[in-house]
Each structure stands twice: as C-alpha cells, then as structure tokens.
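The values are calculated or read from the model by the stated rules, or taken from the named source; none is laboratory data. Here the structure is a predicted model, which is why all the values come from computation and not from measurement. Here the Cβ positions follow ideal geometry from the backbone for every residue, glycine too, while neighbour counts run over all protein chains shown. Keep in mind that these areas ignore ligands, DNA and RNA; they rest on the heavy atoms of the full protein, side chains included. Shrake-Rupley method; radii C 1.70, N 1.55, O 1.52, S 1.80 Å.
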Amino acid sequence: MENFTFYAPTMFVFGDGEEQKTGELVRHFNGTKVLLVYGGGSVKKNGAYDAVTASLDAAGLAWEELSGVQANPRSGIVYKGIEQVREEGFDFLIALGGGSVIDTAKAIGFGACYDGDFWDFFTGRAKIKKTLPVGVVLTIAAAGSEGSDSCVITQERGNLKWGCPKTDLIRPKFAILDPRLTCTLPASQTANGAADIFAHICERYFSPTPDVALTDRLCEALMKTIVDAAPEALAHPDAYSPRADLMWAGMLAHNNSCGVGRVQDWASHQIEHELSAFYDCAHGAGLAVILPAWMEYVYPKDPMRFARFGTEVFGCEMDYARPERTAREGIRRLRVFFKSLGLPEKLQDIGGRLEDVPDMIEHRREKPNGFPFGGFMKFGPEEMEAVLRLSAE
Ligand code: NZQ
Ligand code: ZN
C-alpha cells in the first residue's frame with residue numbers, strides 16, 4: 001500500500017424525508033442567502049423542489065434559483081450562475097439533482113470567487129484557492145459528485161468535456177441522500193447510474209499496486225451490492241432497500257475511500273468523456289460500452305486480477321491452470337449484467353461511429369496532459385483507438 005492522505009469533510013445526512021433538513025443544514029454551515037441550482041422538471045414532479053424550498057423558507061433563508069442544468073452540463077449555465085452570484089451576493093449554493101447539477105454548482109462556487117474565466121481552472125492557468133460552500137440534495141445514485149473532489153463541465157467553446165484538477169476544497173459541505181427521491185428515475189437513468197458507480201470502483205480496483213487487501217475487499221463488496229441492487233431497483237422501482245443500497249454505494253464508490261493507497265486507472269472515464277462530448281450520451285451509458293472493451297484490451301497484463309474480479313464479483317469458477325479463461329468469463333458476465341439492465345453494448349448503440357475516432361483522439365490532445373493516461377496500463381492514441389474499435393465489435 002502507498003502512503004496517502006484522506007480528507008473527506010462532507011456531512012452526509014441519509015434517509016427518507018431528510019431533504020426537509022436542507023434549511024437547517026445551510027444555517028449550520030453559516031449560509032444566509034442561497035442560490036438553488038437544479039435541472040429540468042424532475043425535481044418538481046417528485047416533490048423534492050417543494051420539500052427543499054419549504055425547508056429554506058422555514059429556516060428564514062433568502063433564496064433564488066437557477067434552473068435548466070442539462071445532463072453533461074455546459075459552460076453557459078456556469079457563466080450565468082457566476083453572474084447571478086456576483087450581482088446578488090449569494091453566500092451558499094444548493095445543488096438539487098444529480099452529478100450535472102452538483103458539478104454546475106461546484107463550478108459556479110469556485111468561478112464566482114475568481115476574477116478571471118472559471119475555465120482557467122480546467123486549462124491549468126489558475127489554481128482553485130477559494131470557493132463558495134455547496135450543499136447537495138441528491139436525486140440520482142450515479143456520479144458520486146456529492147462526496148467527490150472533482151467537477152466535470154463541457155466548455156461550449158470547442159466542445160471540451162473536461163474535469164477540473166481534483167481538490168478537497170470543492171467537496172460539498174453537506175449532502176442529503178434520500179433514496180426515496182430516486183424512485184422516480186426512469187429505468188434507463190437507474191441503469192446508467194449503476195454503470196457509473198460500478199465503473200468508479202473498477203477504476204480503482206484494477207491497480208498495479210500490491211498489498212491493498214482491505215480496499216480490494218471493500219471494492220468487491222460494493223460491486224456485488226450493485227449486481228444485486230440494480231436489478232431489484234429496476235424490477236421494483238418504488239422499493240426503498242435497493243435504492244438505499246445504490247445511493248450509499250454511489251457515494252462510497254467515488255469519495256475515494258476505496259481508492260486510497262493505490263495507483264488508480266481512469267482510462268475508461270477519459271475515453272467516455274469524449275463519447276459524451278461527441279454524442280451527448282449519458283455518462284453511464286458511455287461507460288457501459290467502454291468499460292468491458294477496456295477490460296478486454298488490458299486483461300492480459302494481469303489475468304489473475306481479472307480472474308479474481310470474475311470469481312469474487314460474479315461467482316465464476318477459478319481455472320487455476322488457465323486464469324485468463326476465468327478473466328474472460330468475468331468480463332463476459334459483466335457484459336451480460338449490463339445488458340440485463342438494458343444498457344447499450346456497443347459504440348453504435350449510443351450513436352458512435354468509428355469514423356470519428358481520429359477526431360476524438362485529436363480532441364483529447366487539446367487537454368492539458370491529454371496523453372498518456374491510465375494507471376493500470378498507459379494509454380496513448382494507439383491504445384485509445386484500439387479500445388474504441390473493440391467497443392464497436
Ligand atoms: O434535469 P432533470 O429533469 O432533473 O432530469 C435528470 C437528468 O435528465 C434526471 N433525473 C435526476 N434525478 C431524477 C431524474 N429523473 C427522475 N427522477 C429523479 N429523481 O436524470 C438525468 C441525468 O442527471 P445527471 O445529473 O446528468 O446524472 P448523473 O448523476 O449521472 O451525472 C452525470 C454527470 O456527472 C459527471 C458526468 O460526466 C456527467 O456530466 N461526473 C461527475 C463526477 C464528479 N463530479 O465527481 C464523476 C463522474 O465520473 C462523472 O464524470
Ligand atoms: Zn463516472
């Protein structure tokens with residue numbers, strides 16, 4: 001295990017109806033004037049908006065709103081939010097929604113505390129030193145942004161979907177996780193979320209670092225939980241227990257408690273961000289296509305690790321003489337699992353085209369330190385192309 005520092009200061013408030021505490025929690029963290037950020041109509045349909053705004057009123061807080069955050073959130077609404085904060089002097093941001101809303105609020109938070117263009121933090125021209133506090137009321141178990149140190153935005157100038165450099169400063173002050181709020185998710189979004197959570201664990205689990213037994217086991221417990229809970233949530237959308245498991249798994253998968261002390265990979269995420277940028281596909285749907293293709297490409301580097309994945313997560317029988325067989329069986333079962341959730345299987349299923357691969361690679365070169373990427377196996381343009389080609393087969 002490698003040395004590490006783990007600092008995860010977010011307060012998590014979990015359970016049925018807990019969004020009614022939003023106002024109280026804003027007060028606890030010394031907020032007085034709130035900008036409430038949300039997406040399209042889902043939070044109005046499922047009652048989350050009414051519960052949260054009633055709670056802000058009950059706490060005597062001044063508040064206004066910024067709505068219309070789209071999935072794969074764009075820079076335009078971040079600039080708009082920064083303007084709003086500067087004009088009105090908000091001192092607290094509430095993100096009511098999923099990863100797209102949370103990331104928008106995070107970007108508004110650090111953008112409003114900086115005189116230049118918030119995108120400077122993404123290009124590396126500036127370093128985040130200060131941000132407005134962000135509180136979260138989560139409505140989808142997926143991205144894990146409610147506990148994470150990152151933020152992903154698409155810059156409309158150049159259509160660049162990039163993450164900002166990771167920093168603990170942007171972890172939310174609090175996150176309210178009410179599994180009930182996720183019962184209204186369409187089946188496709190429940191499945192996309194499960195794929196993203198699963199991928200967040202794999203990005204950490206497939207590591208070249210030896211002697212990380214505890215976090216290996218935590219990762220396996222989380223993956224098994226998703227394999228059980230996601231089909232249950234799809235079969236019984238209103239059932240509380242599977243929604244609760246998925247929601248807490250989503251947080252644990254990405255607050256880095258399973259990634260400490262080890263080299264992490266993240267190649268699948270880097271490739272997927274190009275798919276989201278090119279085709280505006282849901283992040284989890286893109287990962288369902290890329291993750292198994294990435295596994296297929298890299299497993300010969302360490303067949304035993306992939307064989308262990310197959311046996312521990314999917315109950316495959318271990319073939320000690322030929323562990324690569326067990327490894328391949330584990331990958332096959334992951335594909336079957338994703339398919340059973342109704343997730344896309346191939347590049348073409350999300351509107352992807354192999355003709356675009358050279359452009360995706362060029363696009364990737366624009367990112368600071370765009371190549372190489374990947375901690376399990378180093379990826380240059382050649383490897384990225386190979387995985388994209390495999391994802392189309
Ligand atoms: O806009 P509304 O109407 O709210 O609909 C949303 C949206 O269309 C809908 N939805 C959310 N909660 C709902 C609901 N519909 C019905 N009932 C509910 N309870 O779901 C759709 C997707 O929402 P979104 O916020 O985009 O989902 P997700 O949480 O998957 O976030 C994806 C974004 O997060 C980024 C992704 O790249 C993507 O842009 N990520 C952020 C990370 C981070 N900051 O740590 C890490 C991740 O790897 C990821 O990259
Ligand atoms: Zn993700």
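Here are some notes:
- Search result, residues across the range 222-264 that are at positive phi and surrounded by fewer than 19 Cβ atoms within 10 Å (Cβ to Cβ): 261
- Residue match in the range 337-358 (condition: open to solvent by less than 40 Å² (accessible area, probe 1.4 Å) and either out of contact with any helix residue (DSSP H, G or I) (no Cβ under 8 Å at 6 or more places or on another chain) or under 21 Å from residue 207 (Cβ atoms) (or both)): no
- Residue-level check: of (1) of a type in the set (A, V, I, L, M, F, W, C); (2) touching a Phe, Trp or Tyr at 6+ places or on another chain (Cβ under 9 Å); (3) surrounded by fewer than 21 Cβ atoms within 10 Å (Cβ to Cβ), residue 58 misses just (2).
- Test: residue in the range 208-216 that is on the phi < 0 side of the Ramachandran plot, within 15 Å of ligand 1 (Cβ to nearest atom), more than 16 Å from the chain's Cα centre (by Cα) and among the charged types (D, E, K, R): no
- Residue 105 being under 28 Å from residue 364 (Cα atoms) and touching a Leu at 6+ places or on another chain (Cβ under 7 Å): yes
- Residue match in the range 283-292 (condition: closer than 25 Å to residue 214 by Cβ, touching a helix residue (DSSP H, G or I) at 6+ places or on another chain (Cβ under 8 Å) and not aliphatic (A, V, I, L, M)): no
- Contacts under 6 angstrom Cβ, first residue in the range 116-145 being farther than 19 Å from residue 194 by Cα and at pLDDT 95 or above, partner within 16 Å of ligand 2 (Cβ to nearest atom) and part of a loop (DSSP other than H, G, I, E, B), 6 or more apart: 121/164; 122/164; 136/146
- Residue within the range 105-118 that is surrounded by 20 or more Cβ atoms within 10 Å (Cβ to Cβ) and within 16 Å of ligand 2 (Cβ to nearest atom) present: yes
- Residue in the range 86-104 that is open to solvent by less than 10 Å² (accessible area, probe 1.4 Å), at positive phi and either in contact with a Ser or Thr (Cβ under 7 Å, 6 or more places away or on another chain) or among the charged types (D, E, K, R) (or both) present: yes
- Annotation: residue 36 fulfils all but one of (1) under 14 Å from residue 91 (Cβ atoms); (2) free of Cβ contacts under 8 Å to residues at least 60 places away in the same chain; (3) not small (Gly, Ala, Ser); the unmet one is (2).
- In the range 163-205, residue farthest from ligand 2 (Cβ to nearest atom) [restricted to those that are in a helix (DSSP H, G or I) and of a type in the set (Asp, Glu)]: 168
- The set of residues from the range 61-73 being crowded, with 18+ Cβ neighbours inside 10 Å and either within 16 Å of ligand 2 (Cβ to nearest atom) or under 27 Å from residue 158 (Cβ atoms) (or both) comprises 66, 69, 71, 72, 73.
- Considering the conditions (1) of a type outside the set (Phe, Trp, Tyr); (2) assigned to a loop (DSSP other than H, G, I, E, B); (3) crowded, with 24+ Cβ neighbours inside 10 Å, residue 317 is excluded by exactly one of them, (3).
- Yes/no for residue 52 being surrounded by 14 or more Cβ atoms within 10 Å (Cβ to Cβ), assigned to a helix (DSSP H, G or I), among the hydrophobic types (A, V, I, L, M, F, W, C) and in contact (Cβ under 8 Å) with a residue 24 or more places away in the chain: yes
- Residue in the range 300-309 that is within 13 Å of ligand 2 (Cβ to nearest atom), touching a Gly at 6+ places or on another chain (Cβ under 8 Å) and open to solvent by less than 10 Å² (accessible area, probe 1.4 Å) present: no
- Tabulated pairs, the range 347-376, first on the phi < 0 side of the Ramachandran plot, second among the hydroxyl-bearing types (Ser, Thr, Tyr), C-beta under 7 angstrom, 6+ apart or interchain: 347/391; 350/279; 352/279; 368/123; 375/207; 376/207
- Of everything listed in (1) of a type outside the set (A, V, I, L, M); (2) within 16 Å of ligand 2 (Cβ to nearest atom); (3) under 20 Å from residue 114 (Cα atoms), the single unmet condition for residue 144 is (3).
- Residue in the range 233-249 that is of a type in the set (S, T, N, Q) and farther than 27 Å from residue 360 by Cβ present: yes
- Meets criteria (among the small types (Gly, Ala, Ser), surrounded by fewer than 23 Cβ atoms within 10 Å (Cβ to Cβ), in a helix (DSSP H, G or I) and within 12 Å of ligand 1 (Cβ to nearest atom)) for residue 277: yes
- Residues of the range 206-221 satisfying the condition of being crowded, with 24+ Cβ neighbours inside 10 Å and either within 14 Å of ligand 2 (Cβ to nearest atom) or in a loop (DSSP other than H, G, I, E, B) (or both): 206
- The number of residues in the range 146-159 that are in a strand (DSSP E or B) and closer than 23 Å to residue 195 by Cβ comes to 3.
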